[in-house]
Amino acid sequence: MINRRLKVLQYTWRNRSLGGSFSHWALNCFSPKCGWLAQQAIAKTAQDEKFWQFQLKGFDGILYYSRGLPLQSLYQTITEQAYNWQWHYYQIPQTTVTAADVVFDCGAAEGIFSFLVRSQAKHIYSFEPLPDYLPALAKTFGSDANVSIVPQALGNRTGTAYLQPAGVCSMISQQDTGLAIAMDTIDHFCTTHQTPINYLKADLEGYELNLLAGAKEAIWQFRPKIAITTYHQGSHAQDIRQFLQGIHPSYNILVKGIEERQGAPVMLHAW
């Protein structure tokens with residue numbers, strides 16, 4: 001934690017950038033650890049043989065999490081999405097989920113984003129190809145008609161892809177090795193399911209541009225609000241900005257955050 005924060009401070013000095021407001025920069029650099037912050041957002045915890053069960057403060061329902069998965073990863077994700085000063089927070093005022101929005105949660109993982117916005121959205125498609133997450137997602141959202149769990153990846157083509165499983169850091173392999181999974185494109189999914197996309201949330205461990213390449217027609221037609229991570233590749237913030245404004249020059253773009261490994265922005269918002 002200390003090394004990560006020191007590196008953020010180094011990039012702040014080197015780039016002469018706070019990655020956003022001073023208050024958010026200070027909180028990201030000097031706040032307590034994510035385990036403690038996550039516990040402040042959790043109202044109640046229980047467990048059975050297969051799942052942890054969490055009730056989050058201010059939200060109805062139970063979030064299930066498989067007991068075979070590391071709790072620290074869950075705590076990190078809860079912290080990132082429960083506090084609006086976090087650089088990994090998706091719903092800034094310009095990219096807030098509204099009642100008219102069909103949401104695509106791309107890289108749903110534990111399902112926390114879908115869980116937090118399900119009462120706000122018209123419908124949510126939660127895309128998650130990693131089998132380790134699917135039983136808990138089914139428990140969390142199984143009785144919720146507002147959320148559809150889609151057990152596949154999204155990219156720039158349809159067919160079979162290969163995943164290198166690593167929990168929340170799982171990524172699509174560049175070779176045909178790893179776990180075989182189904183892949184679709186957003187364009188194809190929107191056409192076959194006859195659905196619009198009004199909000200695109202994505203964290204795909206560096207595969208974000210491939211996702212967008214398979215969404216050109218949908219972005220052109222529906223001009224969704226977008227909250228997408230950019231820290232996995234140093235050039236992604238600029239590349240994604242150019243890609244989106246090449247489709248819709250009127251897109252407003254905001255980038256925020258400082259990632260500790262290469263100093264890249266953490267997230268891009270478009271609206």
Handout entry: Checklist (1) among the polar types (S, T, N, Q); (2) in contact with a His (Cβ under 8 Å, 6 or more places away or on another chain); (3) in contact (Cβ under 8 Å) with a residue 60 or more places away in the chain applied to residue 230, failing item
Key = (3)
Exercise for the section: Consider residue 97 carefully, then state whether it is surrounded by fewer than 23 Cβ atoms within 10 Å (Cβ to Cβ) and at pLDDT 95 or above. Expected result: no
Problem - Criterion (of a type in the set (A, V, I, L, M, F, W, C) and without any contact (Cβ under 8 Å) to a residue 12 or more places away in the chain) met by exactly one of 41, 46, 82 - result: 46
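Listed here are the residues, each with its yes/no results for (1) out of contact with any Phe, Trp or Tyr (no Cβ under 7 Å at 6 or more places or on another chain); (2) part of a loop (DSSP other than H, G, I, E, B); (3) small (Gly, Ala, Ser).
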{"residue": "4", "(1), (2), (3)": "yes, no, no"}
{"residue": "37", "(1), (2), (3)": "no, no, no"}
{"residue": "69", "(1), (2), (3)": "yes, yes, no"}
{"residue": "84", "(1), (2), (3)": "yes, yes, no"}
{"residue": "88", "(1), (2), (3)": "yes, yes, no"}
{"residue": "97", "(1), (2), (3)": "no, yes, no"}
{"residue": "105", "(1), (2), (3)": "no, no, no"}
Practice task
Run residue 246 past the list (1) small (Gly, Ala, Ser); (2) farther than 26 Å from residue 16 by Cα; (3) under 19 Å from the mean Cα position of the chain (by Cα) and report the number of the one that doesn't hold.
Solution key: (3)
Problem - Breaking point among (1) over 23 Å from residue 270 (Cβ atoms); (2) surrounded by fewer than 20 Cβ atoms within 10 Å (Cβ to Cβ); (3) touching a Leu at 6+ places or on another chain (Cβ under 9 Å), for residue 176 - result: (3)
Practice task
Select from region 49-64 the residues that are loosely packed, with under 15 Cβ neighbours inside 10 Å and either closer than 16 Å to residue 134 by Cα or free of Cβ contacts under 8 Å to residues at least 12 places away in the same chain (or both) and list them in ascending order.
Solution key: 50, 58
Fill in the blank from the handout: Residue hits (region 100-143; of a type in the set (Gly, Ala, Ser) and without any contact (Cβ under 8 Å) to a residue 24 or more places away in the chain) are 138, 142, 143
Exercise for the section: Determine, yes or no, whether residue 143 is surrounded by fewer than 23 Cβ atoms within 10 Å (Cβ to Cβ), modelled with pLDDT of 95 or more and not hydrophobic (A, V, I, L, M, F, W, C). Expected result: no
Practice task
Considering (1) crowded, with 17+ Cβ neighbours inside 10 Å; (2) of a type in the set (D, E, K, R); (3) farther than 23 Å from residue 75 by Cβ, say which one residue 118 fails and leave the rest.
Solution key: (3)
Fill in the blank from the handout: residue 170 fails exactly one of (1) modelled with pLDDT of 95 or more; (2) buried (at least 21 other Cβ atoms within 10 Å of the Cβ), namely (1)
Practice task
Among the numbered conditions (1) within 17 Å of residue 109 (Cα to Cα); (2) surrounded by 13 or more Cβ atoms within 10 Å (Cβ to Cβ); (3) not charged (D, E, K, R), tell me where residue 11 comes up short.
Solution key: (1)
Handout entry: Subset of region 193-239 [among the small types (Gly, Ala, Ser) and either surrounded by fewer than 17 Cβ atoms within 10 Å (Cβ to Cβ) or at positive phi (or both)]
Key = 206, 213, 234, 235
Practice task
Return yes or no: is residue 58 on the phi > 0 side of the Ramachandran plot and assigned to a loop (DSSP other than H, G, I, E, B)?
Solution key: yes
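The values are calculated or read from the model by the stated rules, or taken from the named source; none is laboratory data. Computed from a prediction, not measured in an experiment: that's the story for all the values here. All Cβ positions, even for glycine, are placed from backbone atoms using ideal geometry, and neighbour counts span all protein chains on display.
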